[in-house]
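Read the structure below first, then the notes.
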Amino acid sequence: MRSWWAALLPQRRRAILVGAALFCIATFSLVVVAPLHDAEAVARRRTDAAEALQIRMRDAALEAAAIRQRSGIKASASLDRPLLALVEASSRDFMGRGAIERIGLAGAGAVQVQIAEGPFEKVIGWLDHLDSEHAVRVEQAMVSATRASGMVRAELILRRP
């Protein structure tokens, strides 16, 4: 190889070196620079989409606050609490520990509650409290009387608007 290189004219050697340098630059550009440029463009599009989403979410939050204010619903820290935790804690406050037989998620943003046996007045008071203080609505309810006077069995699905 060295003898072949030494046998070349200086102009040919220079041309081969320039061609090799251009090949290395082109390869580096295609292998390193182009993918970085593409990744930067993708990141820029994602950032733009995230900023647009943030603006829409801010507008939706302002609109929700305005609707809440017009409807008389009190804005409280409970709106930041998960619905399941809020329902469970408030049910204990209103009806004691043993009234709720089962509580769990019922789809996106909804909670299913089964009350084995609870005083009708306390169940209604609890649901009214959830509605007026925490903006939790009864989406579905099946209530039936039990053998004990004033006691009911209830299956509820509760949701925030």
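Among rounded, prolate and oblate, which fits the range 1-63 when a ≥ b ≥ c are the square roots of the eigenvalues of its C-alpha gyration tensor, a/c under 1.5 means rounded, and a/b larger than b/c means prolate? Display every interim value, and only then the final one.
Details: a/c = 13.83, a/b = 7.48, b/c = 1.85.
Prolate, because a/c is 1.5 or more and a/b exceeds b/c.
Of the heavy-atom accessible surface of the chain (probe 1.4 angstrom), what whole percent is carbon and sulfur? Working shown, then result.
Working: 6960 of 11520 Å².
The computed percentage sits at 60.
So how tilted is helix 34-71 from the main axis of the chain? Cα-based, degrees 0 to 90, rounded to 10.
Computed tilt is about 20 degrees.
As I understand it, the dipole of the chain uses +1 on the Cβ of Lys and Arg and -1 on the Cβ of Asp and Glu, about the Cα centre. Which of LEU84, VAL32, LEU8 lies farthest toward its positive end?
Among LEU84, VAL32, LEU8, the one farthest towards the positive end of the dipole of the chain is LEU8.
Taking only Cα atoms and a 10 Å spring cutoff, compute GNM fluctuations for the chain and point out the largest among PHE120, PHE94, PHE23.
In the Gaussian network model the winner is PHE23.
What's the longest bit of the chain with no exposed trypsin sites (Lys or Arg not before Pro), using DSSP loop states and at most 13 other Cβ atoms within 10 Å as the test? Before the final figure, lay out the partial values.
Values: sites that count: LYS74, ARG97, ARG147.
Excluding the exposed sites themselves, the longest stretch runs over 1-73.
Tell me the net charge near LEU158. Cut-off is 10 Å between Cβ atoms, LEU158 excluded, with +1 for each Lys or Arg and -1 for each Asp or Glu. If you can, show how the numbers build up before the last one.
Numbers: positive: ARG137, ARG159, ARG160; negative: ASP131, GLU139.
Here the count lands on +1.
From the backbone phi of the range 131-137, what are the Karplus-calculated ³J(HN,Hα) couplings (6.51 cos²θ - 1.76 cosθ + 1.60, θ = phi - 60°) in whole Hz, Gly and Pro given as x?
For the range 131-137, the Karplus-derived couplings read 5, 6, 9, 10, 6, 9, 9 Hz, x marking Gly and Pro.
Which whole-number percent is the relative contact order of the chain (Cα, under 8 Å, 6+ apart)?
Numbers: 159 pairs, mean separation 27.1, N = 161.
It rounds to 17 percent for the chain.
Which residue fluctuates the most in the chain, going by a Gaussian network model with Cα springs under 10 Å, if the choices are ALA43, ALA141, ALA15?
Highest fluctuation of the listed residues: ALA15.
Might you tell me the accessible area per residue for the chain, computed with a 1.4 Å probe and given in Å²? Present the calculation step by step, with values, prior to reporting the outcome.
Numbers: 11520 Å² over 161 residues.
Result: 72 Å² of accessible area for each residue.
Ratio of alpha-carbon Rg to the 2.2 N^0.38 Å globular estimate for the chain, to two decimals, please. Mind showing how you got there, number by number?
Values: Rg = 34.1 Å, N = 161, 2.2 N^0.38 = 15.2 Å.
Compared with the compact-globule rule of thumb, the chain sits at 2.25.
Could you work out how far the C-alpha centroid of the range 1-56 sits from that of the range 118-159, in angstrom?
69
Find out how many positive minus negative residues lie around PHE94, taking Lys and Arg as positive, Asp and Glu as negative, among other residues whose Cβ is under 14 Å from that of PHE94.
Details: positive: ARG92, ARG97, LYS122; negative: GLU88, ASP93, GLU121, ASP128, ASP131, GLU133.
So the environment of PHE94 carries a net charge of -3.
The values are calculated or read from the model by the stated rules, or taken from the named source; none is laboratory data. Everything numeric here is computed off the predicted structure, so don't read it as measured data. Glycine gets a Cβ as well: all are built from the backbone with ideal geometry, and neighbour counts include every protein chain shown. Heavy atoms of the whole protein, side chains included, go into the accessibility calculation; ligands, DNA and RNA do not. Shrake-Rupley method; radii C 1.70, N 1.55, O 1.52, S 1.80 Å.
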